[in-house]
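Working notes, beginning with the structure itself.
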Amino acid sequence: MVRSRVTGLDVGVSAHVSRMGYVSASPVKSPSVTRELFVLWLDRRQLDVIDASEGAPLPDGNFRRAWLPAPDVQVQLADGTVLSGAYACVNRHGVLHDGTGAPRRHPGRRPLLTELLASSARLRELFGASPEEFSERARGDARLCARGTRLFAERAWVTGSGLEPYVAP
């Protein structure tokens with residue numbers, strides 16, 4: 001794992017509820033943003049494990065792997081080396097938007113769940129009133145998580161990440 005300066009990506013919010021009990025971070029295209037992010041160096045076997053854990057090879061998995069080429073996304077290492085590109089997991093469900101249609105920036109798990117629950121009575125009915133209740137109810141309940149994911153779409157909270165064109169067919 002290597003700390004890097006990344007231009008062209010930001011950290012958005014997945015438009016699906018994970019069976020692990022949270023709403024995950026998801027990359028979004030953001031040409032004017034430079035962030036400090038970590039890059040993982042994976043061999044083929046490790047990449048296959050990540051793909052499997054994220055459902056990349058499955059038609060109903062949550063993520064697809066995409067190659068993000070430089071200069072569209074610039075990854076600069078501490079020594080100044082700029083990579084030719086990097087893989088990222090692109091969410092199949094899209095990402096949540098900020099109310100203007102632009103991808104919402106992930107504020108951290110607790111603030112995110114607090115904000116989402118405060119903005120939807122139906123979400124509170126399903127997942128409870130606190131981030132702790134949300135996580136407890138969602139954890140391991142695939143049907144409830146799927147219902148929460150559908151609710152995001154029904155409420156028209158979902159937009160694309162901007163990274164969809166980079167996913168191989």
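The values are calculated or read from the model by the stated rules, or taken from the named source; none is laboratory data. Quantities reported herein were computed from a predicted structural model and do not represent experimental measurements. Glycine also receives a Cβ, built like all others from the backbone with ideal geometry; neighbour counts cover every protein chain displayed.
What's the number of the condition HIS93 fails, among (1) part of a loop (DSSP other than H, G, I, E, B); (2) under 30 Å from GLU154 (Cβ atoms); (3) out of contact with any His (no Cβ under 8 Å at 6 or more places or on another chain)?
Unmet for HIS93, out of (1) part of a loop (DSSP other than H, G, I, E, B); (2) under 30 Å from GLU154 (Cβ atoms); (3) out of contact with any His (no Cβ under 8 Å at 6 or more places or on another chain): (3).
State yes or no: is PRO71 at pLDDT below 95 and either over 30 Å from ARG137 (Cβ atoms) or of a type in the set (Asp, Glu) (or both)? Before the answer, list the steps.
Numbers: at pLDDT below 95: yes; either over 30 Å from ARG137 (Cβ atoms) or of a type in the set (Asp, Glu) (or both): yes.
In short, yes.
Is it the case that ALA168 is free of Cβ contacts under 8 Å to residues at least 40 places away in the same chain and farther than 10 Å from GLY21 by Cα?
Working: free of Cβ contacts under 8 Å to residues at least 40 places away in the same chain: no; farther than 10 Å from GLY21 by Cα: yes.
Taking the combined requirement at face value, the residue does not satisfy it.
Can you tell me which residue within region 13-59, out of those that are among the basic types (Lys, Arg) and surrounded by 15 or more Cβ atoms within 10 Å (Cβ to Cβ), is nearest to CYS89 (Cα to Cα)?
Pass one, region 13-59, residues among the basic types (Lys, Arg): 19, 29, 35, 44-45.
If we keep only those that are surrounded by 15 or more Cβ atoms within 10 Å (Cβ to Cβ) as well, we get 19, 29.
Values: ARG19: 17, LYS29: 12 Å.
Among residues in region 13-59 that are among the basic types (Lys, Arg) and surrounded by 15 or more Cβ atoms within 10 Å (Cβ to Cβ), the one nearest to CYS89 (Cα to Cα) is LYS29.
Hey, ASN62 hits all of (1) loosely packed, with under 13 Cβ neighbours inside 10 Å; (2) polar (S, T, N, Q); (3) in contact (Cβ under 8 Å) with a residue 24 or more places away in the chain but one; which does it fall short on?
For ASN62, the failing item is (1).
Pairs under 7 Å by beta carbon, first residue closer than 19 Å to SER119 by Cα in region 131-143, partner assigned to a loop (DSSP other than H, G, I, E, B) and among the aromatic types (Phe, Trp, Tyr), six or more apart or different chains?
From region 131-143, the pairs are SER135/TYR22.
Kindly indicate whether any position in region 56-66 is more than 21 Å from ARG139 (Cα to Cα) and basic (Lys, Arg).
yes
May I ask you to say which residue of ALA156, ALA146, ALA168 is out of contact with any helix residue (DSSP H, G or I) (no Cβ under 8 Å at 6 or more places or on another chain) and modelled with pLDDT under 95?
Details: ALA156 fails: modelled with pLDDT under 95; ALA146 fails: modelled with pLDDT under 95.
Result: ALA168 is the single residue among ALA156, ALA146, ALA168 that is out of contact with any helix residue (DSSP H, G or I) (no Cβ under 8 Å at 6 or more places or on another chain) and modelled with pLDDT under 95.
If I filter region 123-137 for residues that are assigned to a helix (DSSP H, G or I), of a type in the set (Gly, Ala, Ser) and under 19 Å from the mean Cα position of the chain (by Cα), do I get at least one hit? Spell out how you get there, then give the answer.
Initially, region 123-137 is screened for residues assigned to a helix (DSSP H, G or I), giving 123-127, 131-137.
Narrowing the set further to residues that are of a type in the set (Gly, Ala, Ser) leaves 135.
Retained after the next criterion (residues that are under 19 Å from the mean Cα position of the chain (by Cα)): 135.
Yes.
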